[in-house]
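A short worksheet on the structure shown next.
The values are calculated or read from the model by the stated rules, or taken from the named source; none is laboratory data. Since the structure is predicted, the reported quantities are computational estimates derived from the model, not experimental observations. No Cβ is skipped: glycine too gets one built from the backbone with ideal geometry, and neighbour counts run over all protein chains shown. Heavy atoms of the whole protein, side chains included, go into the accessibility calculation; ligands, DNA and RNA do not. Shrake-Rupley method; radii C 1.70, N 1.55, O 1.52, S 1.80 Å.
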Amino acid sequence: MTNPPIFATLGCRLNAYETEAMKDLAQQAGIGDAVVVNTCAVTAEAVRKARQEIRRLRRDNPAARIIVTGCAAQTEPETFAAMDEVDHVIGNSKKMQPETWTRLAPDFVGETERVQVDDIMSVRETAGHLIDGFGTRSRAYVQVQNGCDHRCTFCIIPYGRGNSRSVPAGVVVDQIRRLVDRGYNEVVLTGVDLTSWGADLPAGPRLGDLVMRILRLVPDLPRLRISSIDSIEADENLMQAIATEPRLMPHLHLSLQHGDDLILKRMKRRHLRDDAIRFCEEARRLRPDITFGADIIAGFPTETEAHFANSLRLVDECGLTWLHVFPYSKRQGTPAARIPQQVNGKDIKERAARLRAAGDAQVARHLAAQQGRSHKVLMENPRMGRTEQFTEVAFASDRDEGQIVTATITGTRGHQLTAG
């Protein structure tokens, strides 16, 4: 009697999506008595945590095969192949192929390579294995794009994910229709570089075209949400959708990274601070109730206190509410890792803390402004849901999970709103 495989996921939402796909593939192949670790490579710390998790899983599962995959396995397979705990190392493109899992099955006749990692830059297909309904019972995530054509100097992800590839619009629409038929009230479009969607497809459609097509062809979908975008690549139809489509949720998470023009150039970003400010002002003019999240890095190697001050000011100037703050850490294999680090570790942590404090102040202002207002809330569990702006609402009594309810805000609790 074999035990079903155990899956451990590290890193981003896309990794979590792909873990669900791998569960499907492993089940179809009859994989058992195995532990699959889907790794992240975004920082050196992420790789260290992956190694730590693998050792822990080996201690807890001494008889199981350990299969390591994900971005860290793709970017540095030798690191994991050298670990005594690891039985197989599988690259990012290989992990989504049914034949890979067939070859890992216990009844496979033949030889299976211990390390299976392809040249990710040669991969042209996007989603070899689509799944329906990943997420909670209330919200489903649909991968529409993978990879990235840009080469930001701090980022290793293109070397783990490859170049940008798009899922055709028709495939996306069909999947969302199935999700709506299964009762999902919200769908989130995900990808590594979402605003590059369509560049590799015939006629080069843009993300806004995809959004408009989904809303037109799936009229029963109550809520469509977009995950992280690069604001400089927002196209005319996306802005039109923000202005005119109430079913497109008024919340955007922006890949900003910094607020100083010189640092942005050294990061090899494609926008300047004024571009970010203009985008937020225009989006807010089109949709006054919109909220913004943003990724910001503190302590890039050449960041002075004056450079950092521009990032700090950007939080107010863009009206950013939900911040993801990353203290800079050297990532071997990136151009930034070769730049002499001029900011010490203590200052990096202190600057990150100041950014988080600025974000907390913005959250408090946002929450205070909601008092007494009525919101449509998608219930994630019986006592908690999210507004259209992605703000958590805690309820005093149970509601039906997955349903959209109307609630009047009565107060706050931490970073949550409260309702009766």
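With a cut-off of at least 1 residues that are touching a His at 6+ places or on another chain (Cβ under 8 Å), name the helices (runs of 4 or more DSSP H) lying wholly within segment 13-98. In segment 13-98, 13-29 are the helices (runs of 4 or more DSSP H) which contain 1 or more residues that are touching a His at 6+ places or on another chain (Cβ under 8 Å).
Cβ-Cβ contacts under 7 Å between residues 6 or more apart (or on different chains), taken from a first residue in segment 76-102 that is open to solvent by 10 Å² or more (accessible area, probe 1.4 Å) to a second residue that is among the charged types (D, E, K, R) and in a loop (DSSP other than H, G, I, E, B), are listed as Ala81/Arg114; His88/Arg114; Ser93/Asp118; Lys94/Asp118.
One residue stands out among those in segment 228-248 that are more than 19 Å from Ile277 (Cα to Cα) and either open to solvent by 10 Å² or more (accessible area, probe 1.4 Å) or without any contact (Cβ under 8 Å) to a residue 12 or more places away in the chain (or both): the one that is nearest to the chain's Cα centre (by Cα), which is Arg247.
Applying the condition of being open to solvent by 30 Å² or more (accessible area, probe 1.4 Å) and outside any helix (DSSP H, G or I) to segment 206-226 and asking which residue is nearest to His366 (Cα to Cα) yields Pro222. Within this structure, Glu388 fails the test of being among the charged types (D, E, K, R) and modelled with pLDDT under 95. The set of residues from segment 377-402 being within 24 Å of the chain's Cα centre (by Cα) and surrounded by fewer than 15 Cβ atoms within 10 Å (Cβ to Cβ) comprises just one member, Asn381. Of the residues making up segment 1-36, those that are of a type in the set (Val, Ile, Thr) and within 21 Å of Tyr141 (Cα to Cα) are Thr9, Thr19.
Condition check: within 25 Å of the chain's Cα centre (by Cα) and open to solvent by 20 Å² or more (accessible area, probe 1.4 Å). Does Thr69 satisfy that?
So Thr69 fails the test.
Residue count for segment 35-63, restricted to those that are in contact (Cβ under 8 Å) with a residue 60 or more places away in the chain and either under 23 Å from Ala105 (Cα atoms) or open to solvent by less than 10 Å² (accessible area, probe 1.4 Å) (or both): 1.
Residues in segment 327-344 that are touching a residue at least 12 places away in the same chain (Cβ under 8 Å) and either closer than 18 Å to Ala306 by Cβ or surrounded by fewer than 17 Cβ atoms within 10 Å (Cβ to Cβ) (or both): how many?
So the answer is 10.
Can you tell me which residue within segment 4-28, out of those that are open to solvent by 20 Å² or more (accessible area, probe 1.4 Å) and touching a Phe, Trp or Tyr at 6+ places or on another chain (Cβ under 8 Å), is modelled with the lowest pLDDT? Result: Arg13.
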